[in-house]
Amino acid sequence: MINKGENYSPFFYLYYMKSKLKLATVAGIDIFIHWTFLLLIGFIVYTNKKAGYNQTQIAWSVLFISFVFITVLLHELGHAMAARRFNIKTRDITLLPIGGLARLEKMPEKPWEELVVAIAGPAVNIVLAAITSLFISIPEPEAFIEQLSNGVNASNFFLNFFVVNLVLAFFNLLPAFPMDGGRVFRALLSLKLKRTTATNIAAMVGQFVAVLFVLFGFKNSPTLIFIGIFIFLGARSEAKYTEMDSLLKGFKVKDILMQQFQKIDASEPIRNAVSMLLNGQIKNFLVIENNKVAGTLSRDDIIKCLNEGGNEALVSSAMNKNLLYVDANWKLAEAWKKIQEHDAAIVPVHENGAFVGVLDTENILEFIMVRQAEEA
């Protein structure tokens with residue numbers, strides 16, 4: 001239902017990235033289910049029992065929810081297959097209680113490509129509804145409402161399935177950025193406006209819709225409150241991400257390469273790093289061992305080491321050995337994305353196989369602030 005690249009709000013990251021179970025791999029895409037899906041099943045069973053339904057009706061309801069999430073999976077695969085046509089890979093798909101999420105490597109930047117990818121998901125729901133309509137008879141309005149109000153059973157199972165697909169298509173096409181409809185809206189705006197301007201407008205509309213969801217949810221459905229908060233934070237996060245990406249465009253890593261940086265030997269005690277940390281502005285260090293780059297050391301690494309090993313522990317025990325190497329000729333926006341993915345505070349930079357300097361997050365953020373001031 002919500003189709004994103006790699007720019008997550010902290011709120012979303014904690015919810016989405018933790019505690020998910022791999023179900024299968026489809027078309028080279030890993031499919032996961034979040035553990036909170038079990039809470040949804042429990043909620044369905046509870047509400048059905050409270051409504052007085054028997055075990056058979058409860059079983060039909062649980063089966064129906066399973067079919068709905070298969071539909072959501074097909075919806076997300078629709079996004080993934082459309083993105084693949086534009087050489088954009090999908091990292092994975094996760095099924096959540098509020099729907100599904102396809103994690104693309106990046107979002108299409110050309111408006112018509114984004115339009116195709118965004119609309120592919122709802123199109124799947126419309127096709128499923130159309131196919132289902134061939135095998136059911138749609139009753140008159142009064143009988144229609146009556147059948148749907150009796151809970152899911154053998155006689156109305158596919159009628160409910162038909163309605164759910166139409167609702168999913170309609171709901172996802174609401175202009176609530178970063179949902180599908182919001183992306184369609186952004187793509188249409190981008191045909192005439194700069195991408196950053198289009199994103200800001202789509203984000204503002206999305207946040208307005210999110211507020212309506214929350215207000216409506218207080219009186220009708222707690223789920224809408226959660227979805228509204230999710231959309232609000234997602235819209236703000238993606239608008240900020242798009243602006244930053246725009247400010248970095250046209251620049252390479254070597255344009256802001258740092259050749260003056262703090263080094264520390266892996267064999268030194270951590271108290272030496274503490275001394276350098278307190279006596280200067282440097283917060284991130286490059287660790288050297290046998291005249292070669294062996295790792296990085298951040299302020300957080302130092303504090304953690306002090307708590308666990310004391311100030312006599314060696315730097316080698318505290319350093320981060322999982323190095324990310326960046327090429328000096330990479331696009332700066334691409335390097336920034338890689339740094340975020342690896343949660344790296346500082347990274348060594350190579351050019352033609354030789355070490356030429358470092359790049360750190362603070363330097364990139366300072367460069368972005370300078371660019372914002374220049375464009376103001």
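Return the residues of the range 105-121 that are assigned to a loop (DSSP other than H, G, I, E, B) and among the charged types (D, E, K, R); say none if nothing qualifies.
Once the filter is applied, which keeps residues that are assigned to a loop (DSSP other than H, G, I, E, B) and among the charged types (D, E, K, R), the range 105-121 yields 105, 106, 109, 110.
Any chance the range 289-302 includes a residue that's at pLDDT 90 or above, in a helix (DSSP H, G or I) and over 21 Å from residue 340 (Cβ atoms)?
Checked the range 289-302: at least one residue is at pLDDT 90 or above, in a helix (DSSP H, G or I) and over 21 Å from residue 340 (Cβ atoms).
Being modelled with pLDDT of 85 or more, of a type in the set (S, T, N, Q) and at negative phi is the requirement here; does residue 56 meet it? Steps first, please.
Numbers: modelled with pLDDT of 85 or more: yes; of a type in the set (S, T, N, Q): yes; at negative phi: yes.
Yes; evaluated as a whole, the condition is true for this residue.
When you check residue 31 against the structure, is it over 28 Å from residue 333 (Cβ atoms), surrounded by fewer than 17 Cβ atoms within 10 Å (Cβ to Cβ), in contact (Cβ under 8 Å) with a residue 24 or more places away in the chain and of a type outside the set (Phe, Trp, Tyr), yes or no? Write out each step before concluding.
Numbers: over 28 Å from residue 333 (Cβ atoms): yes; surrounded by fewer than 17 Cβ atoms within 10 Å (Cβ to Cβ): no; in contact (Cβ under 8 Å) with a residue 24 or more places away in the chain: yes; of a type outside the set (Phe, Trp, Tyr): yes.
No, not satisfied.
Can you name the residue in the range 83-98 that is in a strand (DSSP E or B) and of a type outside the set (Ser, Thr, Tyr) and, of all such residues, is surrounded by the fewest Cβ atoms within 10 Å (Cβ to Cβ)?
91
Could you give every pair whose Cβ atoms fall below 7 Å, whose first residue belongs to the range 332-348 and is in contact (Cβ under 8 Å) with a residue 60 or more places away in the chain and within 14 Å of residue 284 (Cβ to Cβ), and whose second residue is surrounded by fewer than 16 Cβ atoms within 10 Å (Cβ to Cβ) and hydrophobic (A, V, I, L, M, F, W, C), counting only separations of at least 6 or pairs across chains?
348/355
Would you mind stating whether residue 77 is in contact with a Gly (Cβ under 7 Å, 6 or more places away or on another chain), more than 29 Å from residue 246 (Cβ to Cβ) and open to solvent by 10 Å² or more (accessible area, probe 1.4 Å)? Before you say what the answer is, go through the steps one by one.
Details: in contact with a Gly (Cβ under 7 Å, 6 or more places away or on another chain): no; more than 29 Å from residue 246 (Cβ to Cβ): yes; open to solvent by 10 Å² or more (accessible area, probe 1.4 Å): yes.
Taking the combined requirement at face value, the residue does not satisfy it.
Would you check if residue 166 is open to solvent by 70 Å² or more (accessible area, probe 1.4 Å) and touching a residue at least 40 places away in the same chain (Cβ under 8 Å)?
Judged against the criteria, residue 166 is a match.
Of everything in the range 99-126, what is open to solvent by 30 Å² or more (accessible area, probe 1.4 Å) and over 19 Å from residue 195 (Cα atoms)? Give them in sequence order.
103, 123, 124, 126 - these are the residues of the range 99-126 that are open to solvent by 30 Å² or more (accessible area, probe 1.4 Å) and over 19 Å from residue 195 (Cα atoms).
Please enumerate the residues belonging to the range 241-288 that are among the basic types (Lys, Arg) and either modelled with pLDDT of 90 or more or within 26 Å of residue 309 (Cα to Cα) (or both).
Of everything in the range 241-288, those that are among the basic types (Lys, Arg) and either modelled with pLDDT of 90 or more or within 26 Å of residue 309 (Cα to Cα) (or both) turn out to be 252, 254, 263, 271, 283.
Of the residues 176, 143, 202, 129, which is under 19 Å from the mean Cα position of the chain (by Cα), under 27 Å from residue 47 (Cβ atoms) and either open to solvent by less than 20 Å² (accessible area, probe 1.4 Å) or without any contact (Cβ under 8 Å) to a residue 24 or more places away in the chain (or both)?
On the way: 143 fails: under 19 Å from the mean Cα position of the chain (by Cα); 202 fails: under 27 Å from residue 47 (Cβ atoms); 129 fails: under 19 Å from the mean Cα position of the chain (by Cα).
Only one candidate qualifies: 176.
The values are calculated or read from the model by the stated rules, or taken from the named source; none is laboratory data. Note that the structure is predicted; figures quoted are calculated from it, not measured. When we count neighbours, we look across all protein chains shown, and the Cβ atoms used for this are built from the backbone with ideal geometry, even at glycine. Ligands, DNA and RNA are stripped out before the accessible areas are found, and what is left, the full protein with its side chains, is counted by its heavy atoms. Shrake-Rupley method; radii C 1.70, N 1.55, O 1.52, S 1.80 Å.
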